[in-house]
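A short write-up of the structure that comes next.
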Amino acid sequence: MSHRARHHLPRWLAPGLLGVAGVVLLGCAGQRPSASGSPAAPRPSATGPAAVPMDADTAWRIRQRERARRLEDSGDWPQALRLWDALALLPPGDEAARREHHRLAGRMAEAASDHWQRASAALKRNDLDSAEHHLVKLMALDPGHAEALQALRRIDLQRQRRPNPSTPPSPATMPPSAPRGGP
């Protein structure tokens, strides 16, 4: 019986490499080849100075930075953060991308904290719809927020315990002091 050698990546490295590979693939997907078959260079700006020739890597990074900004502007902060993270990891280290990553991470943390405060206040008022809204927004920003997940579970349990207002209560679910129908 022969044993094949297996090469395993450390668990902490695999998600980062997958993210970088995804960014690379997404970045390549948006390129149109020129007549020569190579990716088209960015068009020079009609209003700006003459375009300085740049290598394909620099052009790709510029397009990815612009994409990250568009994602952030559209409200897709988690995807924008992953893109900034990938750009910061690519050699050579992109300090501007690292700064943008930290700026956006801080903005996301502030928004997550705001949603947590709003959800907590809604829970105290027993406003389950509003609490759920803010908790879902929070989970989109911070999927590992344990308290938010627990609060969503409690909301779900409370809703399961509520009787459906369209169906009359059955005698088995009525409290003992409630009047029972019949002669």
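All of the numbers you see were taken from the coordinates with simple rules; none came from a lab. Predicted, not measured: the structure shown is a model, and the values here were computed from it. Neighbour counts run over all protein chains shown; Cβ positions are idealised from the backbone, glycine included.
Extension gain GLU147-ARG107, at 0.36 nm per residue separation less the Cα-Cα distance, in nm?
On the way: separation 40, 0.36 × 40 = 14.40 nm, distance 2.00 nm.
Between GLU147 and ARG107, full extension yields 12.4 nm more.
Using the basic label-point model (7 angstrom from Cα toward the beta carbon), what is the ILE62 to GLN158 distance in nanometres?
5.3
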